[in-house]
Amino acid sequence: MLVVTNSRTLQDLIERHKKEGRSIGFTPTMGALHKGHFSLIKRSIQDCDISICSIFVNPTQFNETTDLEKYPRTLEQDCLGLEEVGCDIVFVPSVEEIYPKEYNTSVNIDLRGLDKVMEGAHRPGHFAGVMQVVKLLVDITDCDRLYMGQKDFQQFTIIRHMLKQLKYDIELVVCPIQRAADGLAMSSRNKRLLPEIRSDANNIYNVLTEVKKRMQNESIPEIKQWARQALLIPGFRPEYFDIVDGYTLRDVEESTESDLIVACTAVWAAEVRLIDNMILKGHL
Ligand code: AMP
């Protein structure tokens, strides 16, 4: 596996692979890799000739400096894991490499309100930062396929919209949420959970599972009310629990309103913010 820190070097390498007719799969990450990330890279290895993973803790998508500072960084271990799954290239750029001072690289497109709800409502500027970095990385890697997780459902929805608006010829592949044995969605931030909080964190998954069951015989407003109550666990603070149309991300009241309906939530587990979601109707 090659470890590359310079964009120009990576571009030259990719150009050579493309000239030889090889397809490129790209998985952007912020490192502290776990099974969730590896599932994306494994899928890329299955589908593509060359698989690239980037590890870049993107400062522009953090709306809280403490979250950025405390974000786990485990580069050495990440590289060992990537090597083991068979990743071809890992791209580890510096902040200056991605954001040269003289360039304005923000992405200006109409998101039709996709960034105004849920994560967007609680993390101002977050999706502007995500779009900026994904566009820059996709431009550098010139990938044929881009791999993202359903875990960040709103992020995936916004990137799908961005690729379409910018007319990029890239296949966006979404991979299912990988969970710990008790159901907690895997996340780099889980490392920061204290044991007494971690032991109750599976309740988020339990609530989502129960919500899906209740869809059969209760109304969506009733279910939302129940879920918001059920998430009030000592030590936990739910930020939102919404049931939305999976394309527009607007609230739905009736299950007939869309063929894709998703329950999405963010919960503070002591000092750590966790997100999770479950598809209640349809599939991605
Ligand atoms: P991150 O490093 O948190 O930016 O995540 C990089 C990619 O991995 C994103 O596309 C995430 O949605 C995906 N991802 C993170 N956690 C999981 C998980 N538990 N299951 C599947 N994909 C995940």
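Might you report the magnitude of the Cβ-based charge dipole of the chain about its Cα centre, with Lys and Arg at +1 and Asp and Glu at -1, to the nearest 20 debye?
Approximately 180 debye in magnitude.
With +1 on each Lys and Arg Cβ and -1 on each Asp and Glu Cβ, how big is the dipole of the range 147-264 about its Cα centre, in debye rounded to the nearest 20?
540
Hey, how many Å between the Cα centroid of the range 120-193 and the Cα centroid of the range 30-80?
Going from one Cα centre to the other spans 11 Å.
Can you tell me how the range 45-198 classifies by the Cα gyration tensor, rounded, prolate or oblate, using a/c under 1.5 as the rounded cut? Please list the in-between numbers first.
Values: a/c = 1.32, a/b = 1.11, b/c = 1.19.
Cα axes put the range 45-198 in the rounded bin.
Suppose R0 equals 35 Å; then what is the FRET efficiency for ASP139 and ASN217 from their Cβ-Cβ distance, rounded to the nearest 0.05?
0.10
Return the carbon/sulfur percentage of the accessible area of the chain, one whole number, probe 1.4 Å, all protein chains in place.
48
Per residue, how much accessible surface does the chain expose to a 1.4 Å probe? Answer in Å², no decimals.
49
Quick one: helix 7-19 against the long Cα principal axis of the chain, what's the angle to the nearest 10°, folded into 0 to 90?
The angle comes out at about 80 degrees.
State the three equivalent ellipsoid semi-axes of the chain, derived from the C-alpha gyration tensor as the square roots of 5 times its eigenvalues, in descending order and whole Å.
32, 21, 18
After finding the eigenvalues of the alpha carbon gyration tensor for the range 188-278, what semi-axes result from the square roots of 5 times each, listed largest first in whole Å?
25, 13, 10
Restricting to Cα pairs below 8 Å that are 6+ residues apart, what does the relative contact order work out to for the chain? Please round to a whole percent.
After rounding, I find 17 percent.
For the cross-link pairs LYS151/LYS191; LYS116/LYS224; LYS35/LYS70; LYS151/LYS281; LYS101/LYS151; LYS70/LYS151, which exceed 23 Å when the distance is taken from alpha carbon to alpha carbon?
With Cα atoms farther than 23 Å apart: LYS101/LYS151.
With angles folded into 0 to 90 degrees, how steeply does helix 220-230 sit against the dominant principal axis of the chain? Use alpha carbons for both and round to 10.
Long axis of 220-230 versus the principal axis of the chain: about 90 degrees.
Note down the net charge around TRP226, summing +1 for each Lys or Arg and -1 for each Asp or Glu among other residues with Cβ under 13 Å from its Cβ.
+2
Can you tell me which of 270-278, 57-65, 25-33, 101-109 comes out highest on packing, and rank the rest after it, using the mean Cβ neighbours within 10 Å?
Going from most to least packed, we get 25-33, 270-278, 57-65, 101-109.
How big is the antiparallel share of DSSP beta bridges in the range 1-124, given as a percent to the nearest 5? Intermediate values should be presented prior to the final figure.
Numbers: 0 of 12 bridges.
So the antiparallel bridges amount to about 0 percent of the total.
The values are calculated or read from the model by the stated rules, or taken from the named source; none is laboratory data. These numbers come from a predicted model, not from an experiment. A quick note on method: Cβ atoms are made from the backbone with ideal geometry, for glycine too, and the neighbour counts reach across all protein chains shown. These area figures cover heavy atoms from the full protein model, side chains too; ligands, DNA and RNA do not enter into them. Shrake-Rupley method; radii C 1.70, N 1.55, O 1.52, S 1.80 Å.
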